[in-house]
């Protein structure tokens, strides 16, 4: 059976649930959720425009919630081991965070696993809210369509190789692993670049 038919049968009667999962997924994960949403949009299971809207709404919600979480942590648990860990991680990737918060927040969106720490830390450090929102807004309007399109491309590529569901999913998994490894490589290169510039 064709991949699109199988996924259409699964998602067709649960589209609203799928959009809610995308919205919540954006708050708690991010990259993989957007790529999977792009795959489903390419297969015709989800509407591309509505999917992008839910991704942007989820991203905005995450932006607001995690900044407030950072503020809350500052009030309740200032100078704890958790915050020392987050601060160490943020300054490890973003050594110029204090001097250039806009660019640190902006760039963190494109490094898997770092953005959450940076936006919590932004609230904790009480970074100017307008600067914070601008950085998150501009990075999200680039990041969301980019990853959604990447998922679209992954689906297109996998379908061109095989329409058999097990092979299709295997190809998707390989492409996602490749993306994660590439992202880690870019993060490492950026980290080295920042350390080199710091000297």
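Summary of values
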| read-out | value |
| --- | --- |
| Residue in the range 48-68 that is in a helix (DSSP H, G or I), over 18 Å from the mean Cα position of the chain (by Cα) and either modelled with pLDDT under 80 or closer than 14 Å to residue 119 by Cα (or both) present | yes |
| Condition met for residue 23 (closer than 27 Å to residue 190 by Cα, part of a helix (DSSP H, G or I), modelled with pLDDT of 90 or more and in contact with a helix residue (DSSP H, G or I) (Cβ under 6 Å, 6 or more places away or on another chain)) | no |
| Failed condition for residue 86, given (1) touching a helix residue (DSSP H, G or I) at 6+ places or on another chain (Cβ under 8 Å); (2) surrounded by fewer than 15 Cβ atoms within 10 Å (Cβ to Cβ); (3) over 30 Å from residue 15 (Cα atoms); (4) modelled with pLDDT under 90 | (2) |
| Residue, farthest from the chain's Cα centre (by Cα), within the range 167-183, restricted to residues that are crowded, with 18+ Cβ neighbours inside 10 Å and touching a residue at least 24 places away in the same chain (Cβ under 8 Å) | 168 |
| From 156, 152, residue being surrounded by 13 or more Cβ atoms within 10 Å (Cβ to Cβ), assigned to a helix (DSSP H, G or I) and under 20 Å from the mean Cα position of the chain (by Cα) | 152 |
| Test: residue in the range 105-122 that is surrounded by fewer than 17 Cβ atoms within 10 Å (Cβ to Cβ), at pLDDT 90 or above and in a helix (DSSP H, G or I) | no |
| Test result for residue 61, out of contact with any strand residue (DSSP E or B) (no Cβ under 9 Å at 6 or more places or on another chain) and either free of Cβ contacts under 8 Å to residues at least 24 places away in the same chain or surrounded by fewer than 17 Cβ atoms within 10 Å (Cβ to Cβ) (or both) | yes |
| Filter pass, residue 95 being over 23 Å from residue 179 (Cβ atoms), in contact (Cβ under 8 Å) with a residue 60 or more places away in the chain and out of contact with any strand residue (DSSP E or B) (no Cβ under 7 Å at 6 or more places or on another chain) | yes |
| Candidates 126, 130, 163, 134, filtered to the one that is touching a residue at least 40 places away in the same chain (Cβ under 8 Å) and either out of contact with any strand residue (DSSP E or B) (no Cβ under 6 Å at 6 or more places or on another chain) or crowded, with 18+ Cβ neighbours inside 10 Å (or both) | 126 |
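The values are calculated or read from the model by the stated rules, or taken from the named source; none is laboratory data. What you see is a predicted model, and the numbers here were worked out from it, not measured in a lab. Positions of Cβ are generated from backbone atoms using ideal geometry, with glycine treated the same way; all protein chains shown enter the neighbour counts.
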